[in-house]
Number of protein chains: 2
Amino acid sequence: MQLVWLVPAAGFAGVAFALWLAWDVLRRDTGTDAMRDVASMIFEGAMAFLKRQYRTIAILAVVTGVLIAVIVGAVSEGVKDIVRSDTGQVEYGAKVIDHWKEGLLTGIAFLVGAAASALSGYIGMYISVRSNSRCASAATRSLREAITVSLRGGAVSGFLVTSLSLLGVSGIFLTYSRLLDNPPTIAPFLIVGFGFGASFVALFAQLGGGIYTKAADVGADLVGKVEAGIPEDDPRNAAVVADLVGDNVGDCAGRGADLFESMSAENIGAMILGVAIYTVTGSIEWIMFPLVLRSFGILATIVGLSSVPFFARDDGRQHPMTPLNYGYYIVSILSVIGLFIATKVMLSDVWYWFFGCGLIGIATGIAFVYITQYYTSGSWRPVKEIAKASRTGPATNIIIGTAVGYETTAATAITIGLALVGSFVLGSHADIAGVPGFSSGVFGTAVATMGMLMSAAYILAMDTFGPITDNAGGITEMAGAPASARHITDSLDTVGNTTKALTKGYAVASAGLAAFLLFSAYLDKVKERLDIPLTEGLPIDLSNVDVFVGGLLGVMLVFLFSSLAIRAVGNTASSIIEEVRRQFREDPGIMAGTSRPDYARAVDITARASLRQMIAPGLLAVGMPVAVGLIFRFTRTEDSGWLAVSGLLMIGTIGGIILATFLNNVGGAWDNAKKYIEAGLLKVPSSNPDEEEVVLGKGSDAHKAAVVGDTVGDPFKDTAGPSLHVLVKLLSTVTLVMAPLFIS
Amino acid sequence: MQLVWLVPAAGFAGVAFALWLAWDVLRRDTGTDAMRDVASMIFEGAMAFLKRQYRTIAILAVVTGVLIAVIVGAVSEGVKDIVRSDTGQVEYGAKVIDHWKEGLLTGIAFLVGAAASALSGYIGMYISVRSNSRCASAATRSLREAITVSLRGGAVSGFLVTSLSLLGVSGIFLTYSRLLDNPPTIAPFLIVGFGFGASFVALFAQLGGGIYTKAADVGADLVGKVEAGIPEDDPRNAAVVADLVGDNVGDCAGRGADLFESMSAENIGAMILGVAIYTVTGSIEWIMFPLVLRSFGILATIVGLSSVPFFARDDGRQHPMTPLNYGYYIVSILSVIGLFIATKVMLSDVWYWFFGCGLIGIATGIAFVYITQYYTSGSWRPVKEIAKASRTGPATNIIIGTAVGYETTAATAITIGLALVGSFVLGSHADIAGVPGFSSGVFGTAVATMGMLMSAAYILAMDTFGPITDNAGGITEMAGAPASARHITDSLDTVGNTTKALTKGYAVASAGLAAFLLFSAYLDKVKERLDIPLTEGLPIDLSNVDVFVGGLLGVMLVFLFSSLAIRAVGNTASSIIEEVRRQFREDPGIMAGTSRPDYARAVDITARASLRQMIAPGLLAVGMPVAVGLIFRFTRTEDSGWLAVSGLLMIGTIGGIILATFLNNVGGAWDNAKKYIEAGLLKVPSSNPDEEEVVLGKGSDAHKAAVVGDTVGDPFKDTAGPSLHVLVKLLSTVTLVMAPLFIS
């Protein structure tokens, strides 16, 4: 049990660090009265939305939790111990917990997971919307201070999410094994409910937040910039506060819940794998390893994040991304060291194979940082190509953008494929106690996932950095701060766009790596029910009609879900547009600048509409795997239920990863193609012989075309894409918990 | 061998009927001198393109054919007989043909398949571009005559494609079994090369044609309508003839090759399945059944097609789609009768199960006709929703269009899923000679596919109807024919849009149904190499890392291929735009209407550019499965090669079906949303109290937004989407032929 003490230590250290960061941010100067005024409107709007959203989610979660307890209790056969048989196989042993108790404990784990996810989202958001005016105020002084404030504000969310996930999983594991006096082998299966709870909240948080943010953004633009002809973030636009609120509820709360979910599900899946090895080797280290590795990750991130201000320079020549990159390198280097210690100490004499797997995971994380930058930043071919295509109008902008977006799936699929095969091969070399048929390859992919997720808190801090700087920009604009401050927040905003794109790439990659591990957990669950030894293969035959049709339905689910999410943005946006039009019409003083629009009403209407719109896609995601499992189970052969669900899960995951990659990257590329043109970088040969080139900048037809692409990309990259990551992981957890339903 | 005489009879009857139709069309009046003039330019352009395209394809095909002969000869172990063992299993027996001869026969079959596909495309095109001026001339007289001419012209292609596929497959089967004195069991495996040849030509024909047609369309619109401000089909636009040529080479030659391929591959796959049953039952009927059923289909279509003019009325109130629908019903009813006779006579005492499977297939075909109409025609919610979204600009038009497009995948996946499971279940009930482990379920899905494809000639006739009427419209415009003629061709053009969309839905559905059958053929090939009895299962385990990563790469291939295809249109379009601009610049007389633009040069430049652009995606499609198989075989375990290819094939097929559905349907819906607005059907409440509603028609901002959507949809629905159907089927044939390469 060496190193296991690190888990609570790192968990509480992470929370303490988050609190210190929060204190450090909150004690800072909140700027001018005008800034405070705007910030408080954003704060109130964001909190009102969260409250309303969490109320809806809480109702759904409690109902689902009770349903889970009842369903699992009614259809399960109880939890069996896992033992090593005389033939050396790992198999299921005596029943340890009866089925009603299993249902109860799973339901409780679900509610705890849901509550922990909601809590980390809430506190992170709270600090984030408190940081924006402080960042705006800091921007009136220096770039360095502005970066420090926004990164620290973002890091509160990052550390809370990772620490609460760690403490939650380890706490409930401790409770369900030690305190309830059960063998540790069964606990991971009981806490899968925790992962389901986390993904359940994550899905609705991401969907609701994603719909809100983009509906407000699109709505504010269409009614303000297009119809009324007033600039972005103009205080006369009643939707502008809703837009600023949206940045927080989408990127901060939504993405936080997404990564909370990734880490929890991946931790639990890896612990389930560890159980089989523990049964053979007798060392509980195999179960605890994922938690310890995560702990090293938190410690590495504390150091890396604290180092960022030291790299930031105020000489005006440094790109604001540079200090963030340095901090990320430090996190990566320390993660490698932590990985080395953890594998060496805990994984006995096969440690080096898994050290290699972990390195692959860390390298994959770094690779995605670069892949995403290549495809979505203005310095390389793809974005330039889209900007050039804008010269012939919006249609070619969309056509070439789509081509670029589809192209980005290649780098993603190849990188994930290499990482999976590489870590599987390395893991397979590790001969763990020579159990016949036992595959350590899957454990290798689990270690790669863990290695990648070691830097999750840092990535999340960079992600939340985005909405804080975006808000700070809006506040400087609305509060009439000096141009120099606006210049600083603008440069930070561009970086924020990049870091937001990075996080999405990171989330997709972690979903891809974790997929494999979560399937194997699902199959272990099926084996329990079918009384098949864990070390025996259970092929999911792709040429089986149920698997194939399940897969077809899985990919379809991914598309249909995206359709609902995208349409939800359109529907919500039209509610906002109508409200702003109404305010303009009924109070001409708004346009004249003599009376203030009713921001709160616009915020409230957006919140109501987006929460109404999140229900259908959310229920589709949770309900369809269950429906497919039940329909196939009862209309086809006795194995058809779980086979069709396997196909839906695995092939749906592939489809989800690819489609999410497209949606995220194409949106980022369109956004930056517009920014590329706004920066005056798009030039054409002049027809006037006196000058060589004409700049097609802001206001040109090319710019108008690029704005169309940017608007189209908004619901792709901030609503449908990120919700798809969550959907993919939710598929794993919902099928894991509901597996007994699909098996006769 | 009852009914087998029908195969040559129906094959030659189909050819004879096609010749009669051609004679009937060609003898008709070719219209005014002006019409003849335009038509001859289209004719020359189309033939020049085809000649150039076929030269390129011929070179590629000959090289590939030789490569196949060499590779199969070098790596194969020769062809083994299939026998029934003492234990009742069906397994591979003695070697009948040595490996070099196998390579040679496969290579020859490839070239014959390629040549037959090219021939049917060529002749069909020839008649199609001869029919357009005759249709234009007929339109000056009556709707009924215009429908008759265009449908008969299109049917030449339909009948040649189906008949040549039937005669080709059966002829080469006869040669390779009887004439070369081999047992019939081995022939299907030798003629898989025929299917590969057909799909090889189909891919390049569809890609080249698809790129040409949309590049010309987009280019002509951008440079004519947008830049120069002249109407569509205006004779001053040098690209207008290229646009009219494009309709033929894309929709006629491309789709013809696509369906030639579908039918051939499906026929061969079904015969391979039949071999196992023949070995057990001793009745060769099981091998010949697919050919006989196809024969009934041709006969049914001859009757159905001949009946259409009797349903057409000239009273001005009949929708032109109505007589076409009646004809389709007749084909369907006669197909059911043919299916009944064929199953009853040939499939011994289990015939009724397979009769049921065939009915499912016919019903699936009909279902797709309705699903496609619902999603792409202006009478229902989806297109109206897109038209409404155009009121707020191009961005919302694209956003809602994408949401609708993603939504359409649901109906497609569910219908294909139901048809697959339904026919599999019915087929499984058929107890064929009680072979242990033998699955007649897959044969059930094969019969469903055959049932569906019985009406292929009719569907194809309706498809080629599209470009003929489209061309006729262009000719009436350019030749200054009376408005009444233009009115008739316009109404036929709208129908043509619907029938083109139908054909694509039909092609997707047949690819989905056939997929299963073709996997099973691939697995049979793997079993031969691994010496596993045919009746033994060979699970492709989705939780195997090679299969999973293969699947990830398969879905990625589908997206990357689409990216290349879409980008190719953009690149080619810019070549045309530059050429037209050059002509306008260098000869001001063109714009003044005093001199005639150089149409031929524009046609030629488009042809060269599009053929250059088709190479990369084409080689990607053929090369990637082979590359993946080789890489996994040589860097991983001995089974990894064929396993990764299985994943790529099966999961790539799912991804391809879904993505093609999206691309086809969203394009059709955007097109018809524009037409909906042009027809004056989009209305908004008026701000003027005197009138109730304002029509947002042609020229309104909503219309401009809808034009953007239409332009974006062009390369989706006419280049990437249709090429994806072919890609999906090509994946099956290339892996089938190359299988020995992937197995150690």
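The values are calculated or read from the model by the stated rules, or taken from the named source; none is laboratory data. As the structure is a computational prediction, the values presented were derived from the model and not from experiment. Cβ placement follows ideal geometry from the backbone for every residue including glycine, while neighbour counts extend to all protein chains displayed. Quick note on the areas: whole protein, heavy atoms, side chains included, nothing else; ligands and nucleic acids left out. Shrake-Rupley method; radii C 1.70, N 1.55, O 1.52, S 1.80 Å.
Answer yes or no as to whether B:Ile172 is more than 30 Å from B:Val580 (Cβ to Cβ), out of contact with any Gly (no Cβ under 7 Å at 6 or more places or on another chain) and either of a type in the set (D, E, K, R) or open to solvent by less than 10 Å² (accessible area, probe 1.4 Å) (or both). Break it down stepwise before answering.
Details: more than 30 Å from B:Val580 (Cβ to Cβ): yes; out of contact with any Gly (no Cβ under 7 Å at 6 or more places or on another chain): yes; either of a type in the set (D, E, K, R) or open to solvent by less than 10 Å² (accessible area, probe 1.4 Å) (or both): no.
The answer is no for B:Ile172.
Is there any pair linking a residue in the range B:510-522 that is within 8 Å of another protein chain (Cβ to nearest Cβ) to one that is outside any helix (DSSP H, G or I) and not hydrophobic (A, V, I, L, M, F, W, C), with Cβ under 8 Å and at least six apart or on different chains, and which?
B:Phe516/A:Ser543; B:Phe519/A:Ser543; B:Ser520/A:Ser543
Could you please tell me which pairs satisfy a Cβ distance under 7 Å, a separation of 6+ or placement on different chains, a first residue in the range B:688-710 that is over 15 Å from B:Lys388 (Cβ atoms), and a second residue that is part of a helix (DSSP H, G or I) and open to solvent by 50 Å² or more (accessible area, probe 1.4 Å)?
B:Lys698/B:Glu678
Could you say whether any residue in the range B:358-380 is without any contact (Cβ under 8 Å) to a residue 40 or more places away in the chain and either within 13 Å of another protein chain (Cβ to nearest Cβ) or surrounded by 20 or more Cβ atoms within 10 Å (Cβ to Cβ) (or both)?
No, the conditions are met nowhere in the range B:358-380.
Name, by its number, the condition in (1) part of a strand (DSSP E or B); (2) open to solvent by less than 10 Å² (accessible area, probe 1.4 Å) that does not hold for B:Gly103.
B:Gly103 satisfies all of (1) part of a strand (DSSP E or B); (2) open to solvent by less than 10 Å² (accessible area, probe 1.4 Å) except (1).
Matching residues to (1) buried (at least 22 other Cβ atoms within 10 Å of the Cβ); (2) over 30 Å from B:Ala257 (Cβ atoms); (3) away from every other protein chain (no Cβ under 14 Å):
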residue	(1), (2), (3)
B:Ala679	no, yes, yes
B:Asp690	no, yes, yes
B:Pro715	yes, no, no
B:Val726	yes, no, yes
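Please find, among A:Gly480, A:Gly537, the residue that is within 14 Å of chain B (Cβ to nearest Cβ) and at pLDDT below 85.
Working: A:Gly480 fails: within 14 Å of chain B (Cβ to nearest Cβ).
Answer to the check: A:Gly537.
How many residues, within the range B:153-195, are outside any helix (DSSP H, G or I), touching a strand residue (DSSP E or B) at 6+ places or on another chain (Cβ under 8 Å) and within 21 Å of B:Met450 (Cα to Cα)? Even if it seems obvious, please write down each step before you answer.
Pass one, the range B:153-195, residues outside any helix (DSSP H, G or I): B:180-186, B:191.
Now restrict to residues that are touching a strand residue (DSSP E or B) at 6+ places or on another chain (Cβ under 8 Å): B:182-183, B:185-186.
Filter again for within 21 Å of B:Met450 (Cα to Cα), leaving B:185.
Residues in the range B:153-195 being outside any helix (DSSP H, G or I), touching a strand residue (DSSP E or B) at 6+ places or on another chain (Cβ under 8 Å) and within 21 Å of B:Met450 (Cα to Cα): 1 in total.
Is it the case that the range A:646-654 has a residue that's within 12 Å of another protein chain (Cβ to nearest Cβ), open to solvent by 10 Å² or more (accessible area, probe 1.4 Å) and not β-branched (Val, Ile, Thr)? Break it down into steps so the answer makes sense when it comes.
Looking only at the range A:646-654, we keep the residues that are within 12 Å of another protein chain (Cβ to nearest Cβ), and these are A:646-654.
Retained after the next criterion (residues that are open to solvent by 10 Å² or more (accessible area, probe 1.4 Å)): none.
The answer is no; no qualifying residue exists.
Within the range B:540-653, considering only helices (runs of 4 or more DSSP H) that don't extend past its boundaries, which have at least 2 residues that are touching a helix residue (DSSP H, G or I) at 6+ places or on another chain (Cβ under 8 Å) and β-branched (Val, Ile, Thr)?
Hits in the range B:540-653: B:545-586, B:599-635.
State whether one or more residues within the range A:194-202 are at pLDDT below 85 and in contact with a Gly (Cβ under 9 Å, 6 or more places away or on another chain). So that I can check it myself, show each step before the final result.
So the first thing to find is which residues in the range A:194-202 are at pLDDT below 85, and the list is none.
Within the range A:194-202, not a single residue is at pLDDT below 85 and in contact with a Gly (Cβ under 9 Å, 6 or more places away or on another chain).
Can you find even one residue in the range A:439-448 that is of a type in the set (Ser, Thr, Tyr), open to solvent by less than 10 Å² (accessible area, probe 1.4 Å) and at the interface with another protein chain (Cβ under 10 Å from one of its Cβ atoms)?
Residues of the range A:439-448 of a type in the set (Ser, Thr, Tyr): A:439-440, A:445.
Filter again for open to solvent by less than 10 Å² (accessible area, probe 1.4 Å), leaving A:440, A:445.
Among the residues that remain, those that are also at the interface with another protein chain (Cβ under 10 Å from one of its Cβ atoms) are: A:445.
Yes, because at least one residue in the range A:439-448 is of a type in the set (Ser, Thr, Tyr), open to solvent by less than 10 Å² (accessible area, probe 1.4 Å) and at the interface with another protein chain (Cβ under 10 Å from one of its Cβ atoms).
Could you tell me which residue of the range B:26-46 is most open to solvent (accessible area, probe 1.4 Å), considering only residues that are more than 21 Å from the chain's Cα centre (by Cα) and hydrophobic (A, V, I, L, M, F, W, C)?
Here the answer is B:Leu26.
Within the range B:238-253, which residues are open to solvent by less than 10 Å² (accessible area, probe 1.4 Å) and at pLDDT 80 or above?
Scanning the range B:238-253 gives B:Ala238, B:Ala239, B:Val240, B:Val241, B:Ala242, B:Leu244, B:Val245, B:Gly246, B:Asn248, B:Val249.
So if I check each of B:Ile277, B:Ile287, B:Ile268, B:Ile298, which one is open to solvent by less than 10 Å² (accessible area, probe 1.4 Å), part of a helix (DSSP H, G or I) and modelled with pLDDT under 85? Before the answer, list the steps.
Values: B:Ile287 fails: modelled with pLDDT under 85; B:Ile268 fails: modelled with pLDDT under 85; B:Ile298 fails: modelled with pLDDT under 85.
The match here is B:Ile277.
Among the residues of the range B:569-613, what is the count of those that are in contact with a Ser or Thr (Cβ under 7 Å, 6 or more places away or on another chain) and either over 30 Å from B:Ala479 (Cβ atoms) or within 11 Å of chain A (Cβ to nearest Cβ) (or both)?
The number of residues fulfilling the criteria is 3.
Evaluate the following for B:Val622: is it under 27 Å from the mean Cα position of the chain (by Cα), within 13 Å of chain A (Cβ to nearest Cβ), open to solvent by less than 50 Å² (accessible area, probe 1.4 Å) and within 29 Å of B:Val549 (Cα to Cα)?
Details: under 27 Å from the mean Cα position of the chain (by Cα): yes; within 13 Å of chain A (Cβ to nearest Cβ): no; open to solvent by less than 50 Å² (accessible area, probe 1.4 Å): yes; within 29 Å of B:Val549 (Cα to Cα): yes.
It is false that B:Val622 is under 27 Å from the mean Cα position of the chain (by Cα), within 13 Å of chain A (Cβ to nearest Cβ), open to solvent by less than 50 Å² (accessible area, probe 1.4 Å) and within 29 Å of B:Val549 (Cα to Cα).
Starting from the range A:67-83, take each residue that is part of a helix (DSSP H, G or I) and list its partners that are open to solvent by 50 Å² or more (accessible area, probe 1.4 Å), counting only C-beta distances under 7 angstrom and pairs at least six apart or across chains.
Close Cβ pairs (under 7 Å, with a partner that is open to solvent by 50 Å² or more (accessible area, probe 1.4 Å)) amount to A:Ala69/A:Leu104; A:Gly73/A:His99; A:Gly73/A:Trp100; A:Gly73/A:Leu104.
Report, by residue number, each residue of the range B:398-423 that is within 9 Å of chain A (Cβ to nearest Cβ) and under 17 Å from A:Pro394 (Cα atoms).
Once the filter is applied, which keeps residues that are within 9 Å of chain A (Cβ to nearest Cβ) and under 17 Å from A:Pro394 (Cα atoms), the range B:398-423 yields B:Ile398, B:Ile399, B:Ile400, B:Thr402.
Right, B:Ala216: assigned to a helix (DSSP H, G or I), within 14 Å of the chain's Cα centre (by Cα) and not polar (S, T, N, Q) or not? Walk me through it before giving the result.
Working: assigned to a helix (DSSP H, G or I): yes; within 14 Å of the chain's Cα centre (by Cα): no; not polar (S, T, N, Q): yes.
So B:Ala216 fails the test.
Given (1) within 14 Å of A:Val545 (Cβ to Cβ); (2) in contact with an Asp or Glu (Cβ under 8 Å, 6 or more places away or on another chain); (3) modelled with pLDDT of 90 or more, identify the lone condition not met by B:Leu453.
(1)
Show the residue pairs that are 6+ apart or on different chains and have beta-carbon atoms under 8 Å apart, the first residue being within the range B:567-584 and closer than 15 Å to B:Ala607 by Cα, the second being surrounded by 24 or more Cβ atoms within 10 Å (Cβ to Cβ) and among the basic types (Lys, Arg).
What qualifies is B:Val569/B:Lys214; B:Ala573/B:Lys214.
Which one of B:Ala720, B:Ala705, B:Ala739 is within 13 Å of another protein chain (Cβ to nearest Cβ), out of contact with any Leu (no Cβ under 6 Å at 6 or more places or on another chain) and among the hydrophobic types (A, V, I, L, M, F, W, C)? Step through it out loud before you land on a result.
Numbers: B:Ala720 fails: out of contact with any Leu (no Cβ under 6 Å at 6 or more places or on another chain); B:Ala739 fails: within 13 Å of another protein chain (Cβ to nearest Cβ).
Residue meeting the stated conditions: B:Ala705.
Return yes or no: is B:Gly316 under 30 Å from B:Lys500 (Cβ atoms) and open to solvent by less than 10 Å² (accessible area, probe 1.4 Å)?
Details: under 30 Å from B:Lys500 (Cβ atoms): yes; open to solvent by less than 10 Å² (accessible area, probe 1.4 Å): no.
So B:Gly316 does not fit the description; no.
Here's the yes/no breakdown for (1) in contact with a Pro (Cβ under 9 Å, 6 or more places away or on another chain); (2) touching a residue at least 60 places away in the same chain (Cβ under 8 Å):
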site: A:Phe204; (1), (2): no, yes
site: A:Lys214; (1), (2): yes, yes
site: A:Val218; (1), (2): yes, yes
site: A:Arg236; (1), (2): yes, yes
site: A:Leu259; (1), (2): no, yes
site: A:Met263; (1), (2): no, yes
site: A:Ser283; (1), (2): no, yes
site: A:Phe311; (1), (2): yes, no
